[in-house]
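Trainee: Before I ask anything, let me first share the structure, which is written out below as structure tokens.
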Amino acid sequence: MSYRIALAGLHMECATFLPHVTGHDVFEAGTKRGPDLVETFHNSNTVMGGFLRVLDEAGAEPVPILHADGGAAGLADQAAVAAYRQEIVDGIGAVRGSVDGVLLHLHGAMVTQDELDPDARTLDAIRLTAGPHMPIMVALDYHANLDAQSIAGATAVFGYRYSPHIDMGATGERAARCLLKTLRGEIRPAMALARPGLILPSIFSATDLVPLKGLVERAKRASDDAAGYRDVSLFAGFAYADVPNCGASVVAVVDGTGEEAQALADDLSDQVDHHRQALAAPVPVYGLEECIEKACAIAGASDRPVVILEHADRANDSTHGLRHLLALSDQMRIAVPFLWDPGSVAEAIAAGQGAEVALCLGGHSAPKAGGPIRVTARVDAVKRDFRYRGTGEMRAGSEVRLGDSVLLDVGGMKISVTSLSQSAIDFDPFLQFDLDPKAFDIVLLRSKTHFRAAWDGFAAAIVIIDTADYGPADISKLPYEHARP
Ligand SMILES: [Zn+2]
């Protein structure tokens, strides 16, 4: 028989220490409804893309409701989240009698002014409307903060295995396959969660770092090598959301009993606990001056760029590294892709392509962002309402929206400036502005783990700076009220 499956998503990662709130306008710009949802995500490495692929293959009919995305920033606005939640609930209520199941995409680390686990509230509201017997399978980000209550409304949940999130589509596929198997009566999923009690800063959550790599492989083997149906997800959690369930967790889904699922989740959680010390410091991080000295020395002896990773910046506009690198721009070829500064973009566009313009660049978002820098820039390129389809492994086929954007030349340094905040993770930020990533000695990135899919093995070295910003590697510096580090 042909199944009809409702599709919905409400997605945002919230660093709660950042002072700004992401409002309805930002969500709405990233929101797709009905047939537009299918059109947008079809053939992309996204959760929705994965859902659609499996439904297509099975001849099942997608019933697209809504996918809203606030990206990654500070708190999500309560009114906006409540409105999208209601729209999803109303959409599912309207088709309840004619759909067989629900596929849902949440992040798992959303926080609003009023709710510490809004994803749980969304899931509970959908469960209430869908009824107790409707299978609801949920795909979550690897950086989800979870406890048993967070996922109580789901029949089964699935997390990305990797960071860089190269398997977002594959995770959607895992959830959709489990849903179809359940509907066909091939399996009866039971689920359990375990928490090792560990908070990992994002910079250390890259899944090619040891010992995390081995733990992720263990989760995958526990899923793939099982005789019956099993799926084990390891979640790193998101350290910069100050919530009671902040931290790592393991979720096991089995065709069997809750006890069997619990034993499987506990087993991997115990392994995570066992490696606690090594997980907390898998790579060195440096202070600003030491980092730049180190990067310059390596760049001078290599024909490949050195990545300086200003990972503590959660808004893509910090100027700590940029300020130091400007002093070196006459000696080194330096690129700073995707600096977020809509005001400077507007001024550069008003000056026009080829013009020289005085700007107060970057550092506007918050007090810890390093403050703006006065520069004189030449406007090399102007791109109005700029968007493209990603070509890197993680963003393959996904729409990347930057808003009005410019490429600036500041004393030889190439800085692309965007109106929407977007992390530079792959080579698209260069290629889209006709730049060759190999043509630079130093590249300043603000990604935490996602850049590794493109830059590991390509860069001469990756040197991590820990600046006085909102996402430090030393999380003991954070003023947690709700989390238990
Ligand atoms: Zn993530």
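Trainee: Given labels modelled 7 Å from the Cα in the Cβ direction, how far is it in nm from E260 to A227?
Mentor: Placing both labels 7 Å along Cα→Cβ, they lie 1.0 nm apart.
Trainee: Oh, and also: Calculate the FRET efficiency for A355 and D303 from the Cβ-Cβ distance with a Förster distance of 41 Å, rounded to the nearest 0.05. Numbers along the way, then the final one.
Mentor: Working: r = 34 Å, r/R0 = 0.82.
So the FRET efficiency works out to roughly 0.75.
Trainee: Hey, got the dipole for the chain? About the Cα centre, +1 on K and R Cβ, -1 on D and E Cβ, debye to the nearest 20?
Mentor: The calculation lands at about 340 debye.
Trainee: Express as a percent, rounded to the nearest 5, the fraction of DSSP beta bridges in the chain (both residues included) that run antiparallel.
Mentor: Counting only bridges with both partners in the chain, antiparallel ones make up about 45 percent.
Trainee: Counting only residues 5 or more places away or on other chains, whose amide H sits under 5 Å from the amide H of T16 once H atoms are built in the peptide plane?
Mentor: Amide H neighbours of T16, under 5 Å, 5+ apart: A241, D242.
Trainee: Determine, from the Cβ-Cβ distance of R188 and E393 and an R0 of 35 Å, the FRET efficiency 1/(1 + (r/R0)^6), rounded to the nearest 0.05. Working shown, then result.
Mentor: Numbers: r = 35 Å, r/R0 = 1.01.
That pair, R188 with E393, gives E of 0.50.
Trainee: Next question. 7 Å from Cα along Cα→Cβ at both R484 and A94: what's the point-to-point distance in nm?
Mentor: It works out to 4.3 nm between the two label points.
Trainee: Here is a follow-up. So how much slack lies between A439 and E293, counting 0.36 nm per residue of separation and subtracting their Cα-Cα distance, in nm?
Mentor: Full extension of this stretch gives 50.6 nm more.
Trainee: State the Cα centre-to-centre distance between region 8-82 and region 137-155 in whole Å.
Mentor: One Cα centre to the other: 16 Å.
Trainee: Once every DSSP H run of n ≥ 4 in the chain is given -39500 (n - 2.57) and the sum is divided by its residues, what mean residue ellipticity at 222 nm do you get, rounded to the nearest 500 deg cm²/dmol?
Mentor: -9000 deg cm²/dmol
Trainee: With the cut-off at 1.5 for a/c, could you classify region 4-279 from its C-alpha gyration tensor as rounded, prolate or oblate?
Mentor: oblate
Trainee: Now, a different point. First select every other residue whose beta carbon is under 10 angstrom from the beta carbon of S2; then total the charges, Lys and Arg +1, Asp and Glu -1.
Mentor: Taking every Cβ under 10 Å from that of S2, the sum is -1.
Trainee: Something else now. Quick one: putting +1 on the C-beta of Lys and Arg, -1 on the C-beta of Asp and Glu, what dipole do you get for region 4-279 around its Cα centre, in Debye to the nearest 20?
Mentor: 420
Trainee: Please list 3J(HN,Hα) in residue order for region 144-157, calculated via the Karplus relation 6.51 cos²θ - 1.76 cosθ + 1.60 where θ = phi - 60°; whole Hz, with x for glycine and proline.
Mentor: With the stated coefficients, region 144-157 comes to 5, 9, 10, 9, 4, 5, 4, 10, 4, x, 8, 6, 7, 10 Hz.
Trainee: Here is a further query. Report the Cα centroid-to-centroid distance between region 178-207 and region 436-485 in angstrom, as an integer.
Mentor: 26
Trainee: Continuing with the same structure: Might you report the magnitude of the Cβ-based charge dipole of region 288-465 about its Cα centre, with Lys and Arg at +1 and Asp and Glu at -1, to the nearest 20 debye? Don't skip to the answer; put the middle values down first.
Mentor: Values: 19 positive and 23 negative charges, 67 e Å.
For region 288-465, the charge dipole is close to 320 debye.
Trainee: Would you work out which of T31, H275, V63 lies farthest towards the positive end of the dipole of region 4-279, given +1 charges on the beta-carbon of Lys and Arg and -1 on that of Asp and Glu, about the Cα centre?
Mentor: The one lying farthest along the dipole's positive direction is V63.
Trainee: Here is a further query. Distance check, please: which entries in K32/K438; K294/K383; K220/K477; K414/K448; K213/K294 exceed 31 angstrom between their Cα atoms? List each step's numbers first, then the result.
Mentor: Details: K32/K438 36 Å; K294/K383 35 Å; K220/K477 34 Å; K414/K448 22 Å; K213/K294 27 Å.
Cα-Cα > 31 Å for K32/K438; K294/K383; K220/K477; rest within.
Trainee: Related question: Evaluate the relative contact order of region 288-465 (contact order divided by residue number), counting alpha-carbon pairs under 8 angstrom at least 6 apart; express in whole percent. Each step should come with its number before you reach the end.
Mentor: Values: 410 pairs, mean separation 63.3, N = 178.
It rounds to 36 percent for region 288-465.
Trainee: Can you list residues whose amide H is under 5 Å from I464's amide H, if they're 5+ apart or on another chain and H is modeled 1.01 Å from N?
Mentor: Y286, L309
Trainee: Please tell me the relative contact order of the chain in percent, rounded to the nearest whole number, where contacts are Cα pairs under 8 Å and at least six residues apart.
Mentor: Computed over the chain, the figure is 16 percent.
Trainee: How large is log10 of I(q)/I(0) for the chain at q = 0.08 Å⁻¹ when the intensity is taken from the Debye formula with one equal scatterer per alpha-carbon?
Mentor: Each listed q corresponds, in turn, to -0.47.
Trainee: Local charge sum around Q78 (other residues, Cβ-Cβ under 9 Å, Lys/Arg +1, Asp/Glu -1)?
Mentor: For residues surrounding Q78, the net value is -3.
Only the coordinates and a few stated rules stand behind these numbers; no lab work does. Here the structure is a predicted model, which is why all the values come from computation and not from measurement. Neighbour counts are summed over all protein chains in view; Cβ atoms, including those assigned to glycine, are modelled from backbone coordinates with ideal geometry.
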